[in-house]
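The values are calculated or read from the model by the stated rules, or taken from the named source; none is laboratory data. The model shown is predicted, which means the values in this text are computed figures rather than measured ones. Quick reminder, even Gly has a Cβ in these numbers, built from the backbone with ideal geometry, and neighbours come from all protein chains shown.
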Amino acid sequence: AEAATEKEGVYEIGDQDQAVIYIHGTDNIRRELLDHFEDGFSYIEPARFFRYEEAFMYTSKENEQIRLFMRKADQLPKYNQELI
């Protein structure tokens, strides 16, 4: 997480099977990911990896990535569902 950028963008968290379980946009990717790690991913227990993409309009990019995920999986990522 420390290697992640401090810029705005969208990140995905995945489980041991490489399945995406959470998608989120933020104004500071590094800070957000470090918050997850410091919290021990307590609310995202199966987290095993993350990837991110810088995006100035991160809320639009987040919505786009969630729509793409839903088109493939016909549901929200697991932990996006639990946070609704």
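With respect to the conditions (1) at positive phi; (2) modelled with pLDDT under 90, Asp74 falls short on a single one, namely (2).
Residues that are more than 13 Å from the chain's Cα centre (by Cα), loosely packed, with under 12 Cβ neighbours inside 10 Å and of a type in the set (Phe, Trp, Tyr) do occur in the range 50-58. I want to confirm something. Restricting to the range 13-25 and keeping residues that are crowded, with 20+ Cβ neighbours inside 10 Å and not hydrophobic (A, V, I, L, M, F, W, C), which single residue is farthest from Ala47 (Cα to Cα)? Per the stated criteria, the residue is Gly25.
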